[in-house]
Amino acid sequence: MRPMKNISLIGAPTDVGASVRGAGMGPDALRVAGLVEALRAQHLQVQDLGNLAGPPNPWAVPSGGLRHLDEVVAWNRAVFDAVAAVLAAGDFPLLMGGDHSVAIGSISAVARHCRQERKHLRVLWFDAHTDINTEAISPSGNLHGMPVACLLGHGPQALVGWSGERAALRPEDTDFIGIRSVDAHEKEAIRRLGLQVFDMRHIDEHGMRNTMTEALHDVDEGTHLHVSFDLDCLDPTDAPGVGTGVRGGPTYREMQLCMEMIADTGSLGSLDVVEINPALDVRNRTAELAVEFVQSLFGASTLAR
């Protein structure tokens with residue numbers, strides 16, 4: 001197990017990429033749920049860098065197949081710079097969203113860092129959706145449905161190439177877990193790109209333990225593992241505070257197993273926690289769940305292992 005770095009929390013309080021309002025309150029919901037205190041209770045060094053600033057949500061109609069492109073670019077530039085600064089300081093960036101479009105800036109910064117450090121970047125994308133739409137195929141134009149496409153180099157020009165190469169990620173370096181809602185044109189894109197998608201049928205047939213073993217089989221000492229955790233990956237009966245909930249997701253215990261197995265690798269290097277929408281939640285239950293999962297990612301377990 002590698003020694004744990006200092007953890008720097010970065011808030012990105014925006015819902016400019018989302019289909020409904022409210023995800024901008026996610027960072028403070030995590031704070032109210034005791035994220036800082038929970039991590040410090042695990043004897044981790046934590047600093048909260050506060051919330052980034054960015055443009056408000058204009059709530060405009062799509063233009064050219066995209067909603068709020070300029071605002072999403074601005075928020076992601078702020079995220080990119082903040083995550084890059086934390087990585088340059090040798091610390092661990094924990095991005096608190098905000099909608100999932102902010103992963104463009106986060107993962108682009110991580111990809112650039114990994115290339116500089118000669119590390120192999122692997123991304124685990126926990127989500128009900130694959131987020132691989134583009135402006136040409138998206139039914140809504142919402143950019144929180146496009147971050148993976150952008151990171152693979154297939155999104156709007158303003159949101160690709162930030163890592164120093166057109167594609168921050170290669171298809172073979174990304175695994176999707178918990179998928180159960182895929183738009184028709186996304187299905188073709190997944191097939192064409194050869195993406196590794198562990199959908200709910202795969203999890204039902206093989207179990208979460210075997211699924212995670214497959215996803216983590218090539219993680220080694222040279223790997224920087226990035227987790228991008230959309231809370232709508234969970235079943236909405238457990239996590240109601242999300243904007244685009246889809247029934248039939250992983251259970252609380254299955255998600256805990258995922259996080260514990262990731263912690264066991266010792267390779268976790270950065271984290272996004274996104275799409276918590278307190279306006280749709282029940283007494284902050286979803287943020288409280290997120291805190292428990294983050295604790296597990298950082299090594300919390302029932303027994304000493």
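Determine the percent antiparallel among the DSSP beta bridges restricted to the chain, to the nearest 5.
Antiparallel bridges: around 5 percent, rounded to the nearest 5.
If you split all Cα-Cα distances of region 45-127 into 10 Å bins from zero, what percentages do you get per bin, shortest first?
15, 45, 30, 9, 1
Any chance you could tell me what percent of the C-alpha pair distances in region 3-49 go past 15 Å? Walk me through the intermediate numbers first.
Numbers: 552 of 1081 pairs.
Cα-Cα pairs in region 3-49 separated by more than 15 Å: 51 percent.
Give the longest segment of the chain that steers clear of GluC sites (Glu not before Pro) in DSSP loops with at most 16 neighbouring Cβ atoms within 10 Å, not counting the sites themselves.
Values: sites that count: GLU165, GLU221.
In the chain, the maximal stretch lacking such sites is 1-164.
Rounded, prolate or oblate: pick one for the chain, where a ≥ b ≥ c are the square roots of the eigenvalues of its C-alpha gyration tensor, a/c under 1.5 means rounded, and failing that, prolate if a/b is larger than b/c, else oblate. Walk me through the intermediate numbers first.
Numbers: a/c = 1.21, a/b = 1.17, b/c = 1.03.
Judged from the Cα gyration tensor, the chain comes out rounded (a/c under 1.5).
With charges only on Cβ, +1 for K and R and -1 for D and E, what is the dipole size of region 245-305 about its Cα centre, in debye, rounded to 20?
Using only the charged Cβ atoms, the result is roughly 180 debye.
Skip the ligands, DNA and RNA, and give the accessible area per residue of the chain with a 1.4 Å probe, whole Å².
Details: 12270 Å² over 305 residues.
Result: 40 Å² of accessible area for each residue.
Mind ranking 236-247, 95-106 by how tightly packed they are, going by the mean number of other C-beta atoms within 10 angstrom, highest first?
Details: 236-247: 19.7, 95-106: 31.5.
In decreasing order of mean packing, 236-247, 95-106 become 95-106, 236-247.
For a test of the definition: using alpha carbon positions, the gyration tensor, and the 1.5 limit on a/c, classify region 63-211 as rounded, prolate or oblate.
oblate
What is the mean projected area of the alpha carbon convex hull for region 177-244, to one decimal in square nanometres?
Answer in nm², one decimal: 6.0.
Under the rule a/c < 1.5 gives rounded, and otherwise a/b versus b/c splits prolate from oblate, where does region 1-149 land using the Cα gyration tensor?
prolate
Report, by chain and number, residues whose modeled amide H sits under 5 Å from the one on LEU121, excluding near sequence neighbours (fewer than 5 apart, same chain).
HIS224
How large is the convex hull of the Cα atoms of region 205-249 per residue, expressed in Å³ as a whole number?
Residue-normalised Cα hull volume stands at 94 Å³.
The values are calculated or read from the model by the stated rules, or taken from the named source; none is laboratory data. Since we're looking at a predicted model, the values are computed, not measured. With ideal geometry, Cβ positions are generated from the backbone for all residues, glycine too; neighbour counts draw on all protein chains shown. For accessibility, only protein heavy atoms count, side chains too; no ligands or nucleic acids. Shrake-Rupley method; radii C 1.70, N 1.55, O 1.52, S 1.80 Å.
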